[in-house]
Amino acid sequence: MNVRYFLKQRVEFIRQFYVTSSAAYIERKRLIEAEKEPFVPPYTEDSEPAFLDEWLEAEESLQVLGRTCISMLAAIFHLYFKTWERQIEIPVDASLKADFKNGWLNGYKAYFARHFRIRLEDSPTSLEVLEEIILARNRIQHPESITRDSSHYSDSDLKKLSHPFFIDENDASLFSETEAGERAWLMAPPIRVTAEKLFTALSEVESFAEWLENVDVEHLAS
């Protein structure tokens with residue numbers, strides 16, 4: 001089986017799904033900001049911007065869509081490794097249990113290092129981004145509060161990350177300017193999946209798969 005081929009198919013589906021599904025919300029925001037029909041502001045002395053609720057709803061819809069796509073990507077990336085494991089017919093055994101307890105990507109790092117002398121850390125792609133795709137998926141799928149629509153990093157997440165990927169520019173600036181010991185006192189930033197961040201994540205997964213298969217895993221397993 002050409003594992004990378006099926007990975008690329010799934011990644012491309014996510015890419016087109018986001019582009020198609022986001023178009024209506026992007027257009028709604030554009031019309032509101034441009035004050036075009038059907039969002040021409042009526043005369044009012046109210047200081048609140050017209051159609052603010054509609055704009056916020058469109059923005060939150062884009063965030064939900066982005067987070068959904070990241071969750072799909074994390075699941076596909078996991079299946080990519082599990083499919084390789086089945087194809088090369090060397091199952092994960094009990095000796096790697098401790099490594100997998102620290103996350104399945106960490107487990108597969110140990111798996112490929114032990115059986116094939118392949119260091120996933122040698123990949124030219126950003127392992128931090130790959131790890132954060134998984135972290136974000138876990139936070140998205142297991143929200144902590146019914147009162148909030150958004151998903152947030154936890155304090156423990158932020159301690160693991162030198163530069164969180166799925167945050168906006170303002171939060172990123174604040175994060176970089178704050179000493180590590182003080183970060184626990186800040187409100188944890190929301191996970192924000194913009195189109196740019198999503199497409200970068202998709203490309204990183206594709207690039208990683210290309211690199212791994214260029215080291216000829218099947219040959220090493222034979």
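Readers should treat all values here as calculations from the given coordinates under stated rules, not as data from a laboratory. Keep in mind it's a predicted model, so treat the numbers as computed, not measured. Cβ coordinates were reconstructed from backbone atoms using ideal geometry, including for glycine residues, and neighbour counts include every protein chain displayed.
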Expressed as a rounded percentage, what relative contact order does the stretch 106-169 have, with Cα pairs under 8 Å and six or more residues apart? 23
Once the in-chain neighbours fewer than 8 apart are removed, the aspartates and glutamates whose Cα is under 14 Å from residue 101 read 93
In angstroms, what radius of gyration and Dmax does the chain have, counting Cα atoms only? 20.8, 76
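Over the chain, what is the mean sequence separation of C-alpha contacts under 8 Å (at least six apart), divided by residue count, expressed as relative contact order in percent?
On the way: 182 pairs, mean separation 56.0, N = 222.
25 percent.
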Dipole magnitude of the chain, debye to nearest 20 (Cβ charges: Lys/Arg +1, Asp/Glu -1, about Cα centre): 1260
The simple spin-label model distance between residue 117 and residue 1, using points 7 Å out along Cα→Cβ, in nm, is 2.9
For the stretch 1-89, run through the trypsin sites (Lys or Arg not before Pro) and keep only the ones in DSSP coil with at most 14 other Cβ atoms within 10 Å of their Cβ. 36
Check which residues have an amide H placed less than 5 Å from residue 152's amide H, if you skip close sequence neighbours. 191
When the Cα centres of the stretch 1-18 and the stretch 190-208 are compared, how far apart do they sit, in Å? 14
Above-threshold pairs, the threshold being 29 Å between Cα atoms, out of 8/29; 160/197; 29/160; 8/36; 82/197; 97/197: 8/29; 29/160; 8/36; 97/197
